[in-house]
Each structure stands twice: as structure tokens, then as C-alpha cells.
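Heads up, the thing below is written out as C-alpha cells.
The values are calculated or read from the model by the stated rules, or taken from the named source; none is laboratory data. Predicted model only: the values in this text are computed from it and were never measured. Every residue, glycine among them, receives a Cβ derived from its backbone with ideal geometry; neighbour counts consider all protein chains shown. The protein model used for the area step is the full one, side chains on, heavy atoms only, and it has no ligands, DNA or RNA in it. Shrake-Rupley method; radii C 1.70, N 1.55, O 1.52, S 1.80 Å.
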Amino acid sequence: MFRRRPLAVSAISAVVALSLLGATEATAVPHTTAPKAAAATTYDAIENTGVLKETVAGSSVLRGDSLADGVTVVPQGTPVTQSSQSPDDPETSVVASSSGTGTPSGPTLTVALPASTSKLSVPSTATPPFAPPRTEIEPREGFERSGMATAATNMKQTEAAVQSVQDGVRMMTVIKGPDAPKDTRYTLNLPAGTHLEEASPSYDADSAMPEDDSDVPMTGYVIVGADDAVLGEIEAPWAKDANGKSVPTHYTLDGNQLTQTVDHAGAAYPVVADPTVSLGWWIYVRWSRGEVKSVQHKIGGGVAAATAVCQVIPNSVAKNACLALSGYTLVHLGTVFVRAAKKKCKVEVKWAYSPVYRTRIYACRS
């Protein structure tokens, strides 16, 4: 998934990351907390963010020995399936992408960092399971074994890294000082017949829902196929400084160029920033505006009726996972649809093979 999240020199450094999964946009302002000791390496700065525990070797592929050559997200699972509650009305179709753990299949997506000019290297300070068994190793083999690699860039006071995660790939920039540029540009090579649509932050059962119906900022993107299927996502960006404080960041999309802007002035360096991209690992279920409105009417004011959401899911695994929800989680899911209907939005829900889900509201018209 372009899924979930997740967007970085003085004596201190910061990290910025591009996540093609899902995260909430950082909005913290510059702070005065006493800074930590400077991170010795790019790897150390990333380790300070706590994301290394998500590393999974082998789920993404390097096209070359530089981030400029691109990192490919390889989905796993079965092809997209489609079911329609009203076959004659394209605005009321439900589309699901059934994913699993079998042979990689379906479209791939490649992300490249044009400013990355040097060969990748596997951090020598990494500890198992992130470190490869040998110190001298080809970049691609090292990345496949360790799930982590770093590289220099031609941007002042800025290095880059790539992390393989379960549902996709996280690309990070490490901003090491105040002279580093605010913008990092990524080149997207989308699967044929797909496009991006803006999305609001992801919500799951552990997320606090907005207290009112004020506009929720559009912070990430969903990858939409020719048949309107949601195939993956680019998570909302995040950025954290050396003290673990959030740094303001946002995306700008221009053609196939995705730019992450990080307002790192006054932050404790290094700052780490991330965009995360996911594709095809989860079960993606998409509701059109017409279906969102229909489900909202069934829910009404009663949260127990939120099972109406589950009943129109064509994928049996996702439907069973949805029906397994109870109590607060059904309230949460129903609230998402009620608010999406008010804004005339589409809704995407990602399910794992369990009662674990993440929701996204996108393509709003109000």
C-alpha cells in the first residue's frame, strides 16, 4: 500500500519519511525541549523514530543500486474481484481486492528519489534481523536480506533510506541541518490504468474520531484502478525530529511527481520524514457515494445497525471479519459512514485476515 500513516546540521538531526500505507499528518510546532545527543548515522536517526520494528525483508524490490533507479512494490494475492448491488448503476458498485500470502500477482508500483545519486549501502551498525550476514554485499541483495538500506543524495545536509515493510515500502529522508531543503521529490510509476485520489487520514478502532463535522484535511492518496477498485494507498506523511516531536509536513502532487514538504526550521536535527506506499496485501473494500448514503440511512442513529456495512461486502473473508466486530468498533465504523455521507465522500476500508481494519474517506464533493 501509496495503506495507514507516514511521511528528518546541528548537533542534533531529524528524519522525514514517505509512507505508501497510512499515518496521521504531523502538526506539532517548534519546541524548546532539551535535544537528545546527535544521532551518529542515518540509521541511528531512523532507529530513534521506532519504525525499524516494522521491517520485513523481501517484500519490495530494488530496480538498481540507487534510490534514483526506483523501489518496486510487489503485491501478493489474487486479482481484483467486483460485485454490484445495483448492476445498472456504476455509482453503487462495491469493489474488493482479495489479498493473501501466495505468489506475487497483480500490478506493481515503482517509486524513485531523483536526488539520490549514490549507491545504496546496508547500515553496518544495524543489528539482526536488519543486518545482512556479510559486510560486503551487493546493494540489492543486502536490501532483500535486511529490509533496510541508506544512500547519499545531492541535496544539502540530506540523506535517504528505504525500508521494506509488510504491505509495501517506506522511503525516508534524513534532514541533518537547517540548510537542508524543505522539499523532497519522489517519481511515481503507477500501474497501468490507475490514478491517485486524495484521501483524509486513516482511522482505526484505536483512533480518536473528530469531535465535529469540520473539514478533515486531505493528507494522503488512494490508488484507484480503471474499474474504480482501490488497489493501494500512499499514507499521510509524517516527520519527527531528534526529540521525537512531530514536524509539520504535507504532500503536493504534480503529474507523477510527489513532493513532501517539511517545515523543519527550529526543529532538533536530524529530522526524519516518510512517505509509505502499500499495494495489494490487505483486502480493500470500496463504497461509492451512493452506497455510503444507503448505508448511512440504515445506520441512522443506532450504532448496532452498523452491521449494514458488513452485509454488502462481497469478499467473504472481509465480511466475516467485519461481522466479528462488536461494541465500540461497530460504533466507530458506523460513525465513519455517517460523516462520509454528510460530506458526499467515498469510503475505503482495509481489512486484514482478522477483525483488524483501517478506514479512509476520500473523493469528497462538499
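Exceeding 24 Å between C-alpha atoms, which entries from my cross-link table qualify? They are 176/240; 53/156; 298/343; 156/245. Where the Cα-Cα span goes over 24 Å, the pairs concerned are 53/156. Spin-label pair residue 204-residue 117: with each label point 7 Å from Cα along the Cα-Cβ axis, the two points sit 4.0 nm from one another. Karplus-based coupling profile of segment 41-54, in residue order and whole Hz: 9, 4, 4, 4, 4, 5, 4, 4, 7, x, 8, 4, 5, 8, with θ = phi - 60° in 6.51 cos²θ - 1.76 cosθ + 1.60 and x standing for Gly or Pro.
Across segment 196-201, rounded Karplus estimates of 3J(HN,Hα) from the backbone phi angles (6.51 cos²θ - 1.76 cosθ + 1.60, θ = phi - 60°) give 9, 10, 5, 9, 7, x Hz, Gly and Pro being marked x. Ranking 52, 196 by solvent-accessible area of protein heavy atoms (1.4 Å probe, all protein chains present), from largest to smallest, gives 196, 52. Taking label positions 7 Å along the Cα-Cβ direction at both residue 53 and residue 265, the computed distance is 3.6 nm, reported to one decimal. Label point of residue 166 set 7 angstrom out along Cα-Cβ; within segment 333-366, amide nitrogens under 16 Å from it belong to 350-359. Solvent exposure of segment 214-302 amounts to 30 Å² per residue of accessible area, where only protein heavy atoms count and the probe is 1.4 Å. Listed peptides 165-178, 62-75 appear in the order 165-178, 62-75 once ranked by packing, highest mean of other Cβ atoms within 10 Å at the front.
Return the distance in nm (one decimal) between the two label points of a simple spin-label model at residue 366 and residue 189, each offset 7 Å from Cα along Cα→Cβ. A separation of 4.2 nm, rounded to one decimal place. Each residue of segment 337-352 was assigned a 3J(HN,Hα) from its phi angle through the Karplus curve 6.51 cos²θ - 1.76 cosθ + 1.60 (θ = phi - 60°); the sequence is 5, 4, 6, 5, 5, 5, 9, 6, 10, 8, 10, 10, 10, 9, 10, 8 Hz, with glycine and proline shown as x.
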